[in-house]
Amino acid sequence: MTYDEFNDFCGALRGTNHVIQWRGAHVWKVGSKVFAIGGLAADAPAFIFKVDAIDFDVLCEQPGLRPAPYFASRGMKWVQHHGPDGPPDAELRALLQASHRIVASGLTRKARRELGFDSG
């Protein structure tokens, strides 16, 4: 997945916004909460996303996936896709969509309603 494909996919999800921060990383948020980051690897595209506790251990055993630097060292369940050996793009899109869903579910009711996740 290229950065353009990553940005197009994340931008199509409900209630998202994009900022460039942390040395040029593409940071995607739902509401005000980060759900995906692209661009923290020096030699190839790398994408970081949140996962649930059950998936964390399983995913980190797969080629091309590892605990996300900084996040995982602080006990957070974030995974980094790095290098060409990672999952195919379709699976990566599913993981990004799941991250979006996990983060959106943690928003306040008011924020969820304002972003169109919950009806009045």
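Some points to look at:
- Hits in segment 1-55 - residues which are assigned to a loop (DSSP other than H, G, I, E, B) and surrounded by 15 or more Cβ atoms within 10 Å (Cβ to Cβ): M1, L13, G15, G31, G39, L40, A41, P45, V51
- Tally, over segment 1-23, of residues that are without any contact (Cβ under 8 Å) to a residue 40 or more places away in the chain and either basic (K, R) or touching a Gly at 6+ places or on another chain (Cβ under 6 Å) (or both): 1
- With respect to the conditions (1) at negative phi; (2) surrounded by 13 or more Cβ atoms within 10 Å (Cβ to Cβ); (3) not hydroxyl-bearing (S, T, Y), A90 lacks only one, and its number is (2).
- Pairing residues of segment 54-65 that are without any contact (Cβ under 8 Å) to a residue 24 or more places away in the chain and closer than 17 Å to P88 by Cβ with residues that are of a type outside the set (D, E) and exposed (fewer than 15 other Cβ atoms within 10 Å of the Cβ), at Cβ distances under 8 Å and at least 6 apart in sequence or on separate chains, gives G64/P84.
- Answer from F71, F117, F49, F56 - the residue that is aromatic (F, W, Y) and under 13 Å from M1 (Cβ atoms): F49
- The set of residues in segment 48-89 being out of contact with any helix residue (DSSP H, G or I) (no Cβ under 7 Å at 6 or more places or on another chain) and of a type in the set (A, V, I, L, M) consists of I48, A53, I54, V58, L59, A68, A72, M76.
- Taking the criterion of being among the hydroxyl-bearing types (S, T, Y) and either within 14 Å of the chain's Cα centre (by Cα) or not in a loop (DSSP other than H, G, I, E, B) (or both), the only residue of segment 59-73 that qualifies is S73.
Read the figures in this text as sums done on the coordinates, not as results from a lab. Note that the coordinates shown come from a computational prediction; the quantities given were computed from them, not determined experimentally. All Cβ positions, glycine included, derive from the backbone under ideal geometry; neighbour counts span all protein chains shown.
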